[in-house]
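What follows draws every value from the coordinates through simple rules; no lab data is involved. Predicted model only: the values in this text are computed from it and were never measured. Cβ atoms come from the backbone with ideal geometry, glycine included; neighbour counts cover every protein chain shown.
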Amino acid sequence: MAAVSFSQSAAAEPKPLWEIGLGVGGIVFPDYRGSDELEVYPIPLPYAVYRGKFLKADREGLRGELFDRRYAELSVSIGGSIPVNSDDNDVRRDMPDLKPTLELGPSLDLHLWHSAASDMKLDLVLPVRMPITIESSPKAIGLLFAPRLNLDVQNIAASGWDVGIGAGPLFATSKYHEYFYSVAPRYARPERPAYEADGGYSGMHVLASVSRRFPGYWVGAYMRFDSLHDAAFEASPLVRQRYALSGGFGIAWMIGKSKRLVEAEE
């Protein structure tokens, strides 16, 4: 790896303190990691940017700058999973439905390197999230740890497009793996033996995204590759494939912005 550099970035450009927009998009997901059945969802797409002194929300997510930004930031990590009706999933038939989950937690983002103009940067992202089921009586289902190396390139080849690539392992507690991959004895069948999932390694994931902000609208897309090879639950009868692709796209139109301008390095 090249020597770490923390040289001064280019002059910041004045931009609105906040911008908001609204649009539409679509996502394609497996029912769960390891499922061989896919779902396609149209989704509303909110767009929000806030460039406050200590709190920021942009293409990198929601974060609070509690540390010297040259070296590290503390941000909010958000994730989730989609609902699964077990009657519509062959391998889970007659088992309890999977409720959608919301994952929230802190992320320590360590800045390992950036270019002299700060248009390229390499970060080590260390998020820890607690998944909670979304239902009338929400339940916490363990913890997730998803460290990754993340390379961001802004305005690649002077095209106006921003590109991000990230990769890393996944880890989770047994309670999380049990929710998705365990088969209780009462749900066992000849083709679906009882199984109790352990915690630990959850496989690898690779993320790639592209986006561009035009004067009146924003467009973006992402793709995710998952590998469950050697995962702690790989032997579960609910795992039907060990590799998967998912992705999504969206477009959002700007509907408002602040008259107040602030210096922004993005």
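With both labels modelled 7 Å from their Cα along Cα-to-Cβ, the Ala48 to Glu135 distance reads 2.8 nm.
Computed packing ranks the peptides 101-107, 157-163 as 101-107, 157-163, most packed first, by mean other Cβ atoms within 10 Å.
Here the label points at Phe145 and Glu263, each 7 Å from Cα along the C-beta direction, are separated by 3.8 nm in the simple model. Quotient of the Cα radius of gyration of the range 163-266 and 2.2 N^0.38 Å, N being its number of residues: 1.60. Calculated over the chain, the projected area of the Cα convex hull averaged across directions stands at 15.5 nm².
When the helices of the chain are scored as -39500 (n - 2.57) per DSSP H run of n ≥ 4 and the total is divided over every residue, the value at 222 nm lands at -1000 deg cm²/dmol. Counting lysine pairs in the range 19-264 whose alpha carbons fall under 23 angstrom apart, excluding pairs fewer than 8 residues apart on the same chain, gives 9.
Listing Glu178, Glu37 from fewest to most neighbouring C-beta atoms within 10 Å gives Glu37, Glu178. With each label modelled as a point 7 angstrom along the Cα→C-beta vector, the Arg242-Ser159 pair spans 3.4 nm. For Glu191 and Ile82, the FRET efficiency from 1/(1 + (r/R0)^6), where r spans their Cβ atoms and R0 equals 22 Å, is about 0.35.
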